[in-house]
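Chemist: The structure follows.
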Amino acid sequence: MSTPALPTRALPLLSLIVCVLLWHVASSRHMNLGLVTFQNVPQPLEVVHAAWDLFQSPKLQNHLGASLGRVASGFLVAAALGVGLGLAIGRFRWVRETLMPPLEVARPIPAVAWIPLSILMFPSSEGSMIFITFVGALFPILLNTIHGVHGVDPRLIASARSLGTRRWAIFARVILPAAAPSVLTGLSIGMGTCWFCLVTAEMISGQYGIGYYTWESYTVQNYANIIVGMLLIGFLGMGSSVLLHRAGQALMPWYRPGGRP
Amino acid sequence: MNAILSLSELAPEVSTGRLDIDRVSIELGSGADRFTALADVSVNIAPGEFVCLLGPSGCGKSTLLGALAGHLTPSRGQLRLDGAPIGGPDPERGLVFQHHTLFPWLSVRDNVAYGLRMRGVGRAERHAQAMTWLKEVGLEGFEHHYPGALSGGMQQRVEIARVLINQPRVLLMDEPFGALDALTRLKMQELLLALWTRRRMTVVFVTHDIDEALFMADRILVMSARPGRVIEEIVVPAGRPRTAEWLTGASFIEHKRHCLALLRDPAVTVPLARLSPINPAADAADPAA
Ligand SMILES: Nc1ncnc2c1ncn2[C@@H]1O[C@H](COP(=O)(O)OP(=O)(O)OP(=O)(O)O)[C@@H](O)[C@H]1O
Ligand SMILES: [Mg+2]
């Protein structure tokens with residue numbers, strides 16, 4: 001009732017400002033809360049300076065390029081394989097019965113647990129890091145695609161066949177578009193886990209990359225850079241989510257989550 | 001007989017669309033749950049005839065329609081269209097369900113043009129024909145909408161246009177107006193009869209509404225459940241177009257009473273689960289699986 005009528009755009013901004021302020025207060029006063037201490041946490045201004053330095057330096061391009069390249073390759077392979085397998089598993093029982101047992105065993109293994117084995121298996125560390133991001137993104141994409149295929153109304157398929165759609169064309173014409181909202185959900189979750197896994201992999205075996213940069217800053221005790229790295233990861237992850245969301249809206253103009261079907 | 005004669009005076013004679021249902025039995029379910037949904041049904045439907053299947057829930061109306069559409073295979077007997085056995089789904093046998101199956105990702109126009117697209121008709125021609133059909137069903141101006149933005153009655157209009165654009169010899173309809181309000185249903189019934197009068201084709205129309213059957217059909221096949229079979233054939237003794245006189249006359253009431261008595265028979269109405277015979281599992285309907 002008595003909430004002031006804030007313009008809707010102001011609220012998110014305000015929330016961000018408050019977060020930074022709290023951080024500033026906690027770190028500048030070197031607050032010690034017992035369980036957690038801000039004594040070694042760099043202040044916002046130091047972080048801004050460190051960020052400025054990084055943006056001036058040619059290293060930024062190397063770090064960004066390395067990370068983006070790994071995420072892109074891992075994600076694209078996971079998307080292609082996850083959607084393709086998901087369609088086949090969702091539609092054909094024999095594919096499901098053949099492939100699901102090994103996949104069910106592999107699924108609970110966190111991508112991080114794959115790191116040692118992937119280092120052994122891939123001659124280049126680049127290959128192993130891409131593999132880790134791929135593993136992280138694969139399962140959300142795969143499972144959401146299967147879920148989407150199972151949700152396709154069988155009458156839709158019957159109608160399409162009655163209208164002259166051939167058996168294989170059903171995939172492109174009906175199943176894929178009908179499952180698309182679910183596939184998009186899988187892709188966004190996959191994109192999130194992709195970044196998560198990439199940063200972990202880079203901390204362990206990287207030469208370049210945002211994850212490597214963040215971890216290296218810690219080992220050389222350049223604490224402000226840690227936060228620069230973290231924020232970069234946050235913004236990159238957010239950016240790729242927005243990109244996916246936009247792509248989804250452009251490809252599925254008929255689909256409005258929360259609105260009319 | 002009478003009815004069919006008076007029809008041919010109104011509408012162009014057609015020679016295709018003859019359906020022969022020849023001692024057809026259909027079993028549904030699998031394993032221990034397998035049962036006979038349709039037992040030894042034989043019906044011949046003349047080209048251009050309007051036949052209603054009337055019966056209580058679960059008597060196998062959708063099953064018979066699904067078989068005519070080619071989505072279910074009879075375990076015994078044969079289905080023929082103009083002498084040729086029915087093998088699988090085909091645009092020459094258009095299918096309309098109670099709830100529309102329009103593709104939500106295609107505009108109304110692209111939904112209607114879908115069948116032409118599958119046949120490889122060029123874009124300009126497709127769009128022109130779709131517009132013609134949208135006009136026929138009274139939906140001019142809605143071509144760029146998505147189906148989700150239309151009302152139930154409008155969705156069924158689009159559905160009918162999408163099926164008729166393929167110029168089917170047979171139109172199969174499974175309670176197509178069952179989910180509509182009374183007024184919309186009446187309008188849709190009139191629209192369908194008008195379309196059918198202009199472009200004569202065979203119609204097999206499933207309903208459990210006796211009034212609807214008596215208003216639309218040349219002939220009513222009354223079915224009963226477990227096992228599903230045809231228990232009576234009623235030739236509707238009314239000319240076309242059907243008038244208010246017929247709908248309020250003594251003969252109509254007489255027929256309605258007779259149908260009610262048939263459907264009320266305890267042997268006819270067995271409470272049954274409401275499932276769809278068109279199987280959700282692709283593997284069953286799909287030999288490629
Ligand atoms: N996939 C299925 N598996 C097993 N049984 C089914 C399946 N589909 C339908 N049945 C059963 O088969 C019988 C005939 O079903 P059908 O759908 O043809 O009836 P209907 O006359 O169309 O009924 P309604 O008026 O409710 O639509 C019913 O007893 C139904 O419960
Ligand atoms: Mg039915």
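Chemist: Do we find a residue being under 12 Å from B:Gln98 (Cβ atoms), within 14 Å of another protein chain (Cβ to nearest Cβ) and of a type in the set (A, V, I, L, M) anywhere in region B:182-205?
Modeler: The answer is no; no qualifying residue exists.
Chemist: Then there is this: Taking only region B:12-43 into account, find how many residues are under 23 Å from B:Leu195 (Cα atoms) and part of a strand (DSSP E or B). Walk me through it before giving the result.
Modeler: Step one: filter region B:12-43 for residues under 23 Å from B:Leu195 (Cα atoms), giving B:12-19.
Subset that is part of a strand (DSSP E or B): B:19.
Residues flagged as under 23 Å from B:Leu195 (Cα atoms) and part of a strand (DSSP E or B) within region B:12-43 amount to 1.
The rows are residues; the columns are (1) in the same structural domain as A:Gly86 (by TED's automatic domain parsing); (2) under 30 Å from B:Gly70 (Cβ atoms); (3) modelled with pLDDT under 90; (4) among the aliphatic types (A, V, I, L, M).
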residue	(1), (2), (3), (4)
A:Ile146	yes, yes, no, yes
A:Ala158	yes, yes, no, yes
A:Thr214	yes, no, no, no
A:Ala224	yes, no, no, yes
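Chemist: Being assigned to a helix (DSSP H, G or I), away from ligand 1 (no atom under 14 Å from the Cβ) and out of contact with any Lys or Arg (no Cβ under 8 Å at 6 or more places or on another chain), is that true of even one residue in region B:196-207? So that I can check it myself, show each step before the final result.
Modeler: Filtering region B:196-207 down to residues assigned to a helix (DSSP H, G or I) leaves B:196-198.
This time we only want the ones that are away from ligand 1 (no atom under 14 Å from the Cβ), so: B:196-198.
If we keep only those that are out of contact with any Lys or Arg (no Cβ under 8 Å at 6 or more places or on another chain) too, we end up with B:196, B:198.
Yes: one or more hits.
Chemist: How many residues does region A:110-152 contain that are aliphatic (A, V, I, L, M) and over 30 Å from A:Ala172 (Cβ atoms)?
Modeler: Result for region A:110-152: 10.
Chemist: Another one. Which of the residues belonging to region A:153-186 are in contact with a Pro (Cβ under 9 Å, 6 or more places away or on another chain), farther than 17 Å from B:Val163 by Cβ and buried (at least 23 other Cβ atoms within 10 Å of the Cβ)?
Modeler: Once the filter is applied, which keeps residues that are in contact with a Pro (Cβ under 9 Å, 6 or more places away or on another chain), farther than 17 Å from B:Val163 by Cβ and buried (at least 23 other Cβ atoms within 10 Å of the Cβ), region A:153-186 yields only A:Gly186.
Chemist: Would you pick out the residues in region B:205-220 that are of a type outside the set (Asp, Glu) and within 8 Å of B:Cys52 (Cβ to Cβ)?
Modeler: Within region B:205-220, the subset of a type outside the set (Asp, Glu) is B:205-208, B:210, B:213-217, B:219-220.
B:Phe205, B:Val206, B:Thr207, B:Ala213, B:Met216, B:Ala217, B:Arg219, B:Ile220, listed by residue number.
Chemist: Among the candidates B:Leu102, B:Leu68, B:Leu95, B:Leu54, which residue alone is facing chain A (nearest Cβ under 10 Å), in contact (Cβ under 8 Å) with a residue 60 or more places away in the chain and either within 16 Å of ligand 2 (Cβ to nearest atom) or open to solvent by 30 Å² or more (accessible area, probe 1.4 Å) (or both)?
Modeler: None of the other options fit; the residue is B:Leu95.
Chemist: Does any residue of region B:212-235 turn out to be more than 16 Å from ligand 2 (Cβ to nearest atom), of a type in the set (Ser, Thr, Tyr), at negative phi and surrounded by 13 or more Cβ atoms within 10 Å (Cβ to Cβ)?
Modeler: no
Chemist: Within region A:187-198, identify whether any single residue is open to solvent by 10 Å² or more (accessible area, probe 1.4 Å) and either part of a loop (DSSP other than H, G, I, E, B) or within 14 Å of chain B (Cβ to nearest Cβ) (or both), and answer yes or no.
Modeler: no
Chemist: Residues of region A:170-217 being touching a His at 6+ places or on another chain (Cβ under 8 Å) and of a type in the set (S, T, N, Q), which ones?
Modeler: Residues satisfying the conditions are A:Ser182, A:Ser188.
Chemist: Is at least one residue of region B:258-275 within 16 Å of ligand 1 (Cβ to nearest atom), modelled with pLDDT of 70 or more and polar (S, T, N, Q)?
Modeler: Checked region B:258-275: no residue is within 16 Å of ligand 1 (Cβ to nearest atom), modelled with pLDDT of 70 or more and polar (S, T, N, Q).
Chemist: Pick out the one residue from B:Pro176, B:Pro168, B:Pro147 that is over 16 Å from the mean Cα position of the chain (by Cα) and either farther than 26 Å from B:Leu81 by Cβ or open to solvent by less than 20 Å² (accessible area, probe 1.4 Å) (or both).
Modeler: Exactly one residue qualifies, and that residue is B:Pro147.
Chemist: Pick out the one residue from B:Arg169, B:Arg119 that is within 19 Å of B:Arg199 (Cβ to Cβ) and in contact with a Ser or Thr (Cβ under 7 Å, 6 or more places away or on another chain). Don't jump to the end; show me each part of the working.
Modeler: Details: B:Arg119 fails: in contact with a Ser or Thr (Cβ under 7 Å, 6 or more places away or on another chain).
Testing whether each residue is within 19 Å of B:Arg199 (Cβ to Cβ) and in contact with a Ser or Thr (Cβ under 7 Å, 6 or more places away or on another chain) leaves just B:Arg169.
Chemist: When the residues of region B:4-23 are narrowed to those that are over 18 Å from the mean Cα position of the chain (by Cα) and modelled with pLDDT of 85 or more, which ends up least open to solvent (accessible area, probe 1.4 Å)?
Modeler: Selected residue: B:Asp22.
Chemist: Filter region B:25-50 for residues that are β-branched (Val, Ile, Thr) and surrounded by fewer than 22 Cβ atoms within 10 Å (Cβ to Cβ); which is nearest to ligand 1 (Cβ to nearest atom)?
Modeler: The qualifying residue nearest to ligand 1 (Cβ to nearest atom) is B:Thr36.
The values are calculated or read from the model by the stated rules, or taken from the named source; none is laboratory data. Computed from a predicted model, the values in this text were never measured in an experiment. Positions of Cβ are backbone-derived with ideal geometry, glycine not excepted, and every protein chain shown enters the neighbour counts. The protein model used for the area step is the full one, side chains on, heavy atoms only, and it has no ligands, DNA or RNA in it. Shrake-Rupley method; radii C 1.70, N 1.55, O 1.52, S 1.80 Å.
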